[in-house]
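Shown next, in C-alpha cells, is the structure this report addresses.
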Amino acid sequence: MIWFIKSFPKIPGWEKRTALSLKLQELSLTKKLFLVYSVFALYFLFYHEAHLPLVWMVGLALIGYLVSGILFWGIVFAFRKLETKVVLPAIFAEVGIERPTIKLVPWVEVSFFAFSVLACWLTGFFENRSGILFLLVYAAGVLSARLIDNKTYYKIGLLGLVILASGLISFKSLQKAEIFVAYSMFKPDFEQKDLSRWNYNAENRTLHNEDLKLSILLPEEFYFHNPQNLNMEDKTGIGQIAGIISTSDSDPNRYPSIKLFFVPFRFDNESELLSEFKKFLDLQVQRGDIQELNELEREVFEDRYFGTFWTFYDVLRPRYAKTGMFFLAKHKQPYSLVFIIDESLIKGRRHEESVEKILTSVKIEE
C-alpha cells in the first residue's frame, strides 16, 4: 500500500494539483466561502440563462455574478466595520473594573437597516403588503436582540437582513438585463417613427392618431398608455409599440390588455408575424413567466382580424389566462397593425366582451 501512495507524484500534473490544494487550504474562511458560493452561483446562472444564445447566456451570467460578488464583499467589509475596539484606561484593570473592550458602531448599524429598506423599496418588495409586514416583524426581532444586548443573535439577524436585500438586488439586476436582452432580440430592424401623437376625446371616449389614420373607442374603465411612457419590457413585441389599452391607469399589463404594434409595410398573411410571436412566447416560458402553454386553432374575427391564440398559466399573476396575436388586414394604408391580447380565460367565450368591443371599434381612414 505504501508503494502505491509513493507512486502518486509520478502521475502527470500531480505536483501542480497538490500545490493548488495547499493554496486553497491557506485561504481564509471568507475566501473559501466565496469560492464555494461562486461555483453554485455560476452553475445556477448558466442554467437559468441556458435558453438564450451563447453570447447572451454568458453575458447575463457574468453580470449576475459580478453584482452578487460585489454585494458579497460589500457585506464582508461592512461586517468588519460593525464593531470597534475600545481602549480602556489602565486604571480600570488596576482596580479590577471590567468593561467590554468591543462595542458596536451605531452609524454602521443604521447603514445596515437603511440599505435593506432602500433595497426592498427599489426592487418592489414593498409593493405587496406582506413584504412590508415581513420586514417590520423581522426588524423588530433583530432590534429586540439589540436591546437585550445579545450580540450573537443581533449580528445573525443583521446578516439575514442584508442577505435578503442583496438577493433582491442581484435578482432585480439580472431581471433588468434579461428585459434588455429580450428587447434587443425583438427590436424592430426598420427605422422607427414617432407614434406618440394620440388625441383623446373624453366626450365620446375616442382615441385618434393622425399619423396612423387610426381611431379606437375606449370602453368604460379602460385606459390608454402612450408609447412614450412605457418601459423597455412593455415595448417588446412584434414591431414598434404604438400604445397599450388596459384596465389600469398605472399598470399597462392588467387584464384585459391590448398591445398595439406597428410595422411600416404590408404583409400578405400573418404567418411571418405569428412565427415571431411564437418565439416571444417561448422566451417567456423559458424565463418562467408563464407555464402550460397550449396553442388553439387559427382564429378569424369579423373577417378582418386573423391570428392564433394560446391558453397558459400566468405565474406572475397566478391564474389561467389567454394570449394571442391578431393581424389586422383589409385596409388600404401602407402599414400593418398587430394586436397582442392578454385576457382572462372565460368559459364559453372566445374573448372578453370588452376586448371584442375595442377590436370592433378600430377604424382606419382610407
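The values are calculated or read from the model by the stated rules, or taken from the named source; none is laboratory data. These figures come from a predicted structure and were not determined experimentally. Cβ atoms come from the backbone with ideal geometry, glycine included; neighbour counts cover every protein chain shown. When the accessible area is computed, the model is the full protein with side chains, heavy atoms only, and any ligands, DNA or RNA have been set aside. Shrake-Rupley method; radii C 1.70, N 1.55, O 1.52, S 1.80 Å.
A few points about this structure:
- Filtering L143, L168 for residues that are in contact (Cβ under 8 Å) with a residue 12 or more places away in the chain and not in a loop (DSSP other than H, G, I, E, B) leaves a single hit, L168.
- Selection of region 234-281 for residues being under 20 Å from D211 (Cα atoms) and part of a loop (DSSP other than H, G, I, E, B) yields K235, I238, G239, P264, F265, R266, F267.
- Pairs where the first residue, in region 117-134, is in the same structural domain as A165 (by the TED database) and the second is open to solvent by 90 Å² or more (accessible area, probe 1.4 Å), C-beta under 9 Å, 6+ apart: T123/F171; F125/F134
- Residues within region 231-272 that are over 25 Å from Q175 (Cα atoms) and in contact with a Gly (Cβ under 8 Å, 6 or more places away or on another chain), tallied: 3
- Applying the set (1) part of a helix (DSSP H, G or I); (2) touching a helix residue (DSSP H, G or I) at 6+ places or on another chain (Cβ under 6 Å); (3) over 20 Å from L283 (Cα atoms) to S173 leaves exactly one unmet item: (3).
- Taking the criterion of being among the hydroxyl-bearing types (S, T, Y) and farther than 25 Å from Y223 by Cα, the residues of region 254-283 that qualify are S271, S275.
- Options Q192, Q228; residue that is surrounded by 13 or more Cβ atoms within 10 Å (Cβ to Cβ) and under 28 Å from the mean Cα position of the chain (by Cα): Q192
- Where a residue in region 187-208 is at pLDDT 85 or above and its partner, wherever it lies, is of a type in the set (A, V, I, L, M), with Cβ under 6 Å and at least six apart: L195/A242; W198/L207; Y200/L207; R205/L218; T206/L217; L207/I216
- On inspection, L212 qualifies as open to solvent by less than 20 Å² (accessible area, probe 1.4 Å), part of a loop (DSSP other than H, G, I, E, B) and either more than 30 Å from M57 (Cβ to Cβ) or at pLDDT below 85 (or both).
- Any hit, region 321-331, residues being among the basic types (K, R), assigned by the TED database to the domain that holds K235 and over 27 Å from F265 (Cα atoms): yes
- Residue count for region 262-288 satisfying the condition of being within 17 Å of the chain's Cα centre (by Cα) and surrounded by 12 or more Cβ atoms within 10 Å (Cβ to Cβ): 8.
- Flag if E302 is among the acidic types (D, E) and either modelled with pLDDT of 85 or more or open to solvent by 40 Å² or more (accessible area, probe 1.4 Å) (or both): yes
Quick grid of which residues meet (1) under 30 Å from the mean Cα position of the chain (by Cα); (2) at pLDDT 65 or above; (3) open to solvent by 40 Å² or more (accessible area, probe 1.4 Å):
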position: K6; (1), (2), (3): no, no, yes
position: T18; (1), (2), (3): no, no, yes
position: S38; (1), (2), (3): yes, yes, no
position: A41; (1), (2), (3): yes, yes, no
position: L54; (1), (2), (3): yes, yes, yes
position: L60; (1), (2), (3): yes, yes, no
position: V76; (1), (2), (3): yes, yes, no
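- Qualifying residue in region 119-140 (condition: more than 30 Å from E83 (Cα to Cα) and open to solvent by less than 30 Å² (accessible area, probe 1.4 Å)): yes
- Against the conditions (1) in contact with a Gly (Cβ under 9 Å, 6 or more places away or on another chain); (2) under 30 Å from N231 (Cα atoms), K176 satisfies every one except (1).
- Exactly one residue out of I346, I340 is without any contact (Cβ under 8 Å) to a residue 60 or more places away in the chain and not in a helix (DSSP H, G or I): that is I346.
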